[in-house]
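The values are calculated or read from the model by the stated rules, or taken from the named source; none is laboratory data. Here the structure is a predicted model, which means the values were calculated and not measured. Cβ coordinates were reconstructed from backbone atoms using ideal geometry, including for glycine residues, and neighbour counts include every protein chain displayed. When the accessible area is computed, the model is the full protein with side chains, heavy atoms only, and any ligands, DNA or RNA have been set aside. Shrake-Rupley method; radii C 1.70, N 1.55, O 1.52, S 1.80 Å.
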Amino acid sequence: MQFLEGRLIVSPSDLTGFLECEHLTQQELAAARGEIARPSREDPFLDVLSRLGLEHEGRHLASLKSNGRKTVEFGFPEGTLANLETAHAETVAAMKAGVDIIYQGTFFDGRWRCHPDFLIRVDRPSLLGDYSYEVADTKLARKMKAAAVLQCCVYSQQLATIQGLDPEQMTLVLGDGKSEPLRFKDYGAYFRTVKRRFEETVLAPVLKTYPDPVSHCGVCRWKDVCEDRRRSDDHLSIVAGMRRDQTRRLQNAGIPTMTALALSDVVTIDGISDETLSRLQQQANLQVRRQDTGQLTYELLASGDDHLGFRALPAPTTSDLFFDIEGDPLRGENGLQYLFGITETLNGPPQYHAFWAHDPTAEKAAFERVMDFFIDRLNRHPELHIYHYAAYEPNALKWLSSTYSTREEEVDRLLRGGALVDLYRVVRQSVRMGTESYSLKALEALYRGKRTTEIADAGASIVAYEEWLVSHEQQKLDQIAAYNEDDCLSTAELR
């Protein structure tokens with residue numbers, strides 16, 4: 001989004017951003033008007049996504065060229081009205097010339113600036129002649145997403161204006177190489193509704209919005225700005241476990257901040273159960289106390305059920321195992337579980353076992369070795385349990401056994417026999433703490449010092465693994481292994 005010579009210029013990414021977060025749209029508008037500066041965000045994971053996206057796009061271009069079809073490639077025009085108009089004219093000229101593939105063309109109607117990845121010639125008459133064009137766009141995701149469909153709709157609408165004919169199809173080329181053909185008219189009504197709402201918003205007087213946390217925050221350049229705003233406002237959203245609808249109901253009841261919630265003696269609020277309200281009040285109280293004292297505060301929760309909380313913990317044994325998986329969602333059709341880490345303490349000091357996999361064949365083999373390891377230990381020590389944190393590990397084991405049709409009985413034995421113990425579930429049912437998150441890293445202040453490994457979190461481990469795939473530097477794998485081993489050790493210490 002930008003102003004050029006006093007004219008607001010928007011793009012399909014502005015439209016999809018509007019769907020994700022209307023506050024994002026207002027921030028971008030203010031930046032375009034020069035009222036605030038756009039922040040720069042350095043995020044290695046986003047850099048990896050960008051690189052992989054360009055590589056995927058390049059592979060598809062090479063594939064199209066290999067079929068012998070005539071291709072015209074354009075560069076990205078500098079942001080002036082004259083340059084955009086020239087780039088648009090050059091794209092239209094290529095269409096009139098009837099070339100087979102147009103790569104990175106430009107559509108510009110005076111308001112919308114669009115750069116479809118590919119325009120593909122098809123045998124369907126239009127104002128251009130006995131042919132017309134359809135849009136194809138590459139996306140790194142392996143499943144179709146609404147934002148990608150809306151982007152293609154913007155391109156297809158611009159294309160229809162030029163050739164005097166709505167394209168029948170638009171195609172998403174997904175990260176696994178599969179093409180998803182979509183009928184433009186199936187999405188037309190929805191697209192036009194969203195586009196109208198967006199245009200009414202960006203052309204209207206400034207609207208007051210608030211940076212409520214949404215899923216898009218993870219990839220947004222304004223993330224730090226919005227987080228700082230919420231903290232300075234003592235916003236309810238920083239209370240752990242708080243949902244957006246609950247925030248709204250609390251605000252409507254005259255409880256606007258975390259501190260106000262912590263001090264509130266209200267016992268009933270419409271739309272929030274009394275039990276949930278009490279939990280949120282206690283959570284807010286603990287977080288406020290931590291802010292005031294600098295100490296991580298907590299309280300134990302009573303449970304009368306023998307299968308909940310601390311009562312669900314088996315008696316510890318020296319043969320217990322501690323399990324953590326590192327996965328890369330950017331590899332393969334469904335991601336790649338590239339490191340299975342297991343720590344045991346049977347013979348004294350912790351002993352760490354790493355099972356690596358760098359492709360699907362190796363993933364299957366590593367999974368089988370891990371399951372054989374578990375079953376061997378379980379046969380020798382029937383009393384042992386395998387501790388993990390949250391649902392990723394058991395879900396991965398179930399998925400791998402069903403995908404590769406191997407070790408199904410062994411996985412079933414672990415699940416039905418209660419060998420797997422989720423410490424996240426235990427924590428949530430037994431302890432309430434003054435943390436904004438109940439991640440393993442957030443809990444560690446209770447039982448260990450600050451981590452010293454090069455890699456600090458799961459996102460950084462994915463970045464390191466992607467870097468290894470390019471460089472093959474052993475140091476990268478060593479850093480990942482050290483991080484994974486520390487996760488296993490932390491799980492043991494938490495138990």
Inset, instruction - Kindly list, by first and then second residue, each pair from a residue in region 406-421 that is open to solvent by less than 70 Å² (accessible area, probe 1.4 Å) to a residue that is of a type outside the set (Phe, Trp, Tyr) and in a loop (DSSP other than H, G, I, E, B), limited to pairs with Cβ atoms under 7 Å and residues at least 6 apart or on different chains. - result: Ala419/His385; Val421/Pro314; Val421/His385
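Given the condition touching a strand residue (DSSP E or B) at 6+ places or on another chain (Cβ under 9 Å) and part of a loop (DSSP other than H, G, I, E, B), answer yes or no: does some residue in region 305-315 qualify?
There is at least one residue in region 305-315 that is touching a strand residue (DSSP E or B) at 6+ places or on another chain (Cβ under 9 Å) and part of a loop (DSSP other than H, G, I, E, B).
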Legend entry - Single residue of Leu280, Leu182 found to be open to solvent by less than 60 Å² (accessible area, probe 1.4 Å), under 28 Å from Val431 (Cβ atoms) and either in contact with a strand residue (DSSP E or B) (Cβ under 7 Å, 6 or more places away or on another chain) or assigned to a helix (DSSP H, G or I) (or both): Leu280
Inset, instruction - Look at Tyr187 and say whether it is farther than 18 Å from Ala148 by Cα and surrounded by 14 or more Cβ atoms within 10 Å (Cβ to Cβ). - result: no
Inset, instruction - Those residues that are open to solvent by 30 Å² or more (accessible area, probe 1.4 Å) and among the charged types (D, E, K, R), I need them from region 440-466; list them, please. - result: Lys441, Arg448, Lys450, Arg451, Glu454, Asp457
Legend entry - Subset of region 156-170 (residues that are part of a strand (DSSP E or B) and either over 27 Å from the mean Cα position of the chain (by Cα) or surrounded by fewer than 17 Cβ atoms within 10 Å (Cβ to Cβ) (or both)): Gln169
Legend entry - Selection within region 364-393 - in contact with a helix residue (DSSP H, G or I) (Cβ under 7 Å, 6 or more places away or on another chain), closer than 20 Å to Gly327 by Cβ and either touching a residue at least 60 places away in the same chain (Cβ under 8 Å) or surrounded by fewer than 20 Cβ atoms within 10 Å (Cβ to Cβ) (or both): Lys364, Ile386, Tyr387, His388, Tyr389, Ala390
Inset, instruction - For region 27-49, enumerate the residues that are part of a helix (DSSP H, G or I) and either over 21 Å from the mean Cα position of the chain (by Cα) or surrounded by fewer than 12 Cβ atoms within 10 Å (Cβ to Cβ) (or both). - result: Gln27, Glu28, Leu29, Ala30, Ala31, Ala32
Legend entry - His353 surrounded by 14 or more Cβ atoms within 10 Å (Cβ to Cβ) and not in a helix (DSSP H, G or I): yes
